[in-house]
Amino acid sequence: MFDQILDALETFPLFLYGFTFVLSLLVGSFLNVVIYRLPVMMQNEWDCDCRELLADELKKTKAKEATPFNLAVPESHCPKCKHKVKPWQNIPVISYLLLKGKCGNCNTPISLRYPAIELLTAIASLTVVMVVGFSPQAPVLILLTWLFVALIFIDIDHMLLPDQITQPALWLVIISSIWGVFLSPKDAIIGAASGYMFLWVVFWGFKLVTGKDGMGYGDFKLMAVVGGVVGVIQLPMVILLSSAVGAVIGLSMMAFSKADRTTHIPFGPYIAIAGWITMLWGDGILAWYLRVFV
Ligand SMILES: [Zn+2]
């Protein structure tokens, strides 16, 4: 059964594309849960840790531990009327359209962000298989795409790149180098360490000069993931691209909203977007650059 599916994925590109698209839509739906709940779970854990440390409000801690809150429990429900989302109301994108963007019970509007994240996940994953085809790179890049989507939106919401996501991503990259999926283990480790160290140096330089925190340690870890895939040679391209992505997004935010130059903008999404572009098209971009400028 499994072999037959793999065979079909290899033989029929349209099946590969359709399979990736539908699977990623479903994953996108789950990523919505991760994006919303993981930061809350982390906050709860910190609260509990702090209370235990202070040996204070022990009852409250116990109450919080008694009501489980994780990625599976409680089941998805309307935040307003607590109406449980039925299976047919939980189909990515389609349910949103069927429900006309409202809770089936109390008509509270559902944020357009949920179907948008599902579609984004599916389209980005589809792009991956259209670029790399049926190859050892495809599953790793698709997994990284999913993790990046979660990181981008958690960073936008909370200015935070959770270790729970950056670390599995880094392990994935390092382990896949055993089979040389992108780079040899040596090059992957050098790339990852260089990515981390480069931003670390920039961070401390910026901090010593301006006294401000421009980035967080999560950004370094994310850059390590990217460096482990693209290698040290293409890291400068990632930095340049993320500045370009940052400038485009920052300027359009200033033009269209109340954001000004002092608005704190998370850096993670720029690294994730620039890193993703370089993972897919880095060789082509580098070849083009060398042809035009060297
Ligand atoms: Zn409702």
Quiz item: Pairs under 6 Å by beta carbon, first residue more than 14 Å from Ser24 (Cα to Cα) in the range 124-145, partner assigned to a helix (DSSP H, G or I), six or more apart or different chains?
Solution: Val131/Leu280; Val132/Ala138; Phe134/Leu9; Phe134/Glu10; Phe134/Leu16
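Would you mind stating whether Asn32 is in contact with a His (Cβ under 9 Å, 6 or more places away or on another chain) and outside the structural domain of Leu161 (by TED's automatic domain parsing)?
Numbers: in contact with a His (Cβ under 9 Å, 6 or more places away or on another chain): no; outside the structural domain of Leu161 (by TED's automatic domain parsing): yes.
Judged against the criteria, Asn32 is not a match.
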Practice problem: Need at least 2 residues that are within 30 Å of Leu161 (Cβ to Cβ) and at pLDDT below 90 per element, so show me which helices (runs of 4 or more DSSP H) inside the range 1-120 make the cut, counting only ones lying wholly within it. | Solution: 13-54, 58-66
Quiz item: Right, Phe12: surrounded by 15 or more Cβ atoms within 10 Å (Cβ to Cβ), away from the ligand (no atom under 16 Å from the Cβ) and not assigned by TED's automatic domain parsing to the domain that holds Val149 or not?
Solution: no
Quiz item: If you check Val248 against the conditions, is it open to solvent by 80 Å² or more (accessible area, probe 1.4 Å) and closer than 19 Å to Trp276 by Cβ?
Solution: yes
Exercise. Check Ile156 against each of (1) open to solvent by 80 Å² or more (accessible area, probe 1.4 Å); (2) free of Cβ contacts under 8 Å to residues at least 24 places away in the same chain and name the one condition it does not meet.
Key: (2)
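A quick yes/no check of all residues on (1) of a type outside the set (S, T, N, Q); (2) open to solvent by 50 Å² or more (accessible area, probe 1.4 Å); (3) touching a residue at least 60 places away in the same chain (Cβ under 8 Å); (4) out of contact with any His (no Cβ under 6 Å at 6 or more places or on another chain):
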site: Gly228; (1), (2), (3), (4): yes, no, no, yes
site: Ile233; (1), (2), (3), (4): yes, yes, no, yes
site: Met254; (1), (2), (3), (4): yes, yes, no, yes
site: Ala272; (1), (2), (3), (4): yes, no, yes, yes
Self-check item: Scope the range 88-105; condition in contact (Cβ under 8 Å) with a residue 60 or more places away in the chain and either open to solvent by less than 60 Å² (accessible area, probe 1.4 Å) or within 11 Å of the ligand (Cβ to nearest atom) (or both); matching residues
Solution: Pro92, Val93
Self-check item: Residue ID - farthest from the chain's Cα centre (by Cα), chosen from residues in the range 170-198 that are hydroxyl-bearing (Ser, Thr, Tyr) and open to solvent by 40 Å² or more (accessible area, probe 1.4 Å)
Solution: Ser184
Practice problem: Could you tell me which of the residues Met215, Met253 is farther than 25 Å from Val128 by Cβ and in a helix (DSSP H, G or I)? | Solution: Met253
Exercise. List the number of the failed condition for Val202; all other conditions in (1) among the β-branched types (Val, Ile, Thr); (2) open to solvent by 30 Å² or more (accessible area, probe 1.4 Å); (3) outside any helix (DSSP H, G or I) hold.
Key: (3)
Practice problem: Could you tell me which of the residues Leu208, Leu235 is in a helix (DSSP H, G or I) and within 20 Å of the chain's Cα centre (by Cα)? | Solution: Leu235
Exercise. Output the residues belonging to the range 70-87 that are near the ligand (Cβ under 8 Å from one of its atoms), open to solvent by 60 Å² or more (accessible area, probe 1.4 Å) and more than 26 Å from the chain's Cα centre (by Cα).
Key: Lys80, Lys82
Practice problem: Filter the range 106-152 down to residues that are closer than 13 Å to Leu16 by Cα and among the hydroxyl-bearing types (Ser, Thr, Tyr) and give me whichever is least open to solvent (accessible area, probe 1.4 Å). | Solution: Ser125
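The values are calculated or read from the model by the stated rules, or taken from the named source; none is laboratory data. Here the structure is a predicted model, which is why all the values come from computation and not from measurement. Neighbour counts run over all protein chains shown; Cβ positions are idealised from the backbone, glycine included. Please note that ligands, DNA and RNA were not included when accessible areas were found on the heavy atoms of the full protein model with its side chains. Shrake-Rupley method; radii C 1.70, N 1.55, O 1.52, S 1.80 Å.
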